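Taking it in order: structure first as structure tokens, then the write-up.
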Amino acid sequence: MRFCNRDFPAKAPLLAMNYYTWGTQSPVHQKIDPLKNKSNEQDSEIRALRGQVDRLTLACQSMWELIRDTGNFSEDELKSKIAEVDLRDGALDGKLGSAVIECKSCKRNTNSRRECCVWCGAEVERAHIFEG
Ligand SMILES: [Zn+2]
């Protein structure tokens, strides 16, 4: 794909003059700088999340190897369990998912992903210990 800027020949001198006149405080830069900051914040957040996923993957693999090495479970049993837990929300999609559960306090339906019941504010008991 080729970069195409139809305004380039006509506006390039204006942009250059704008920069020369205003420097980094030009109206153009005032529009671009917040976008750069937002992009840098998002890049930083993505790096942090990748690091967190890497650490969790390492912890899961290590825990699995400890369990596997006891000789009580095979990798096929682990795969079966993963599929069973995955299907609890009705979809085999590689995600834990959420479910409609009954609030223990008010007995109304609420979502398992919420920390508190949407009706009464009572803490929602999670169905899964690692549910986020
Ligand atoms: Zn409730």
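Along segment 66-79, what does the Karplus equation 6.51 cos²θ - 1.76 cosθ + 1.60 (θ = phi - 60°) give for ³J(HN,Hα), rounded to whole Hz, x for Gly and Pro?
4, 5, 4, 5, 6, x, 8, 9, 9, 5, 5, 5, 4, 4
How long is the gain from residue 32 to residue 67 if the chain were fully straight, where each residue apart is worth 0.36 nm and the alpha carbon distance is subtracted? Numbers along the way, then the final one.
On the way: separation 35, 0.36 × 35 = 12.60 nm, distance 5.22 nm.
Between residue 32 and residue 67, full extension yields 7.4 nm more.
In nm, to one decimal, how far is the modelled label at residue 79 from the one at residue 98, with both set 7 Å along Cα→Cβ?
Rounded to a tenth, the inter-label distance reads 3.2 nm.
How much net charge surrounds residue 103 when only other residues with a Cβ under 11 Å from its Cβ are counted (Lys, Arg +1; Asp, Glu -1)? Could you put the intermediate results ahead of the total?
Values: positive: 104, 107, 108, 114; negative: 102, 123, 125.
That sum, taken over residues with Cβ under 11 Å, equals +1.
If I take R0 = 25 Å and measure r between the Cβ atoms of residue 130 and residue 43 in this structure, what FRET efficiency does the formula 1/(1 + (r/R0)^6) give, to the nearest 0.05?
Numbers: r = 27 Å, r/R0 = 1.08.
That pair, residue 130 with residue 43, gives E of 0.40.
Any read-out appearing in this document is the output of simple, stated calculations on the displayed coordinates, not a laboratory observation. Model, not experiment: these values are computed from the prediction. Glycine also receives a Cβ, built like all others from the backbone with ideal geometry; neighbour counts cover every protein chain displayed.
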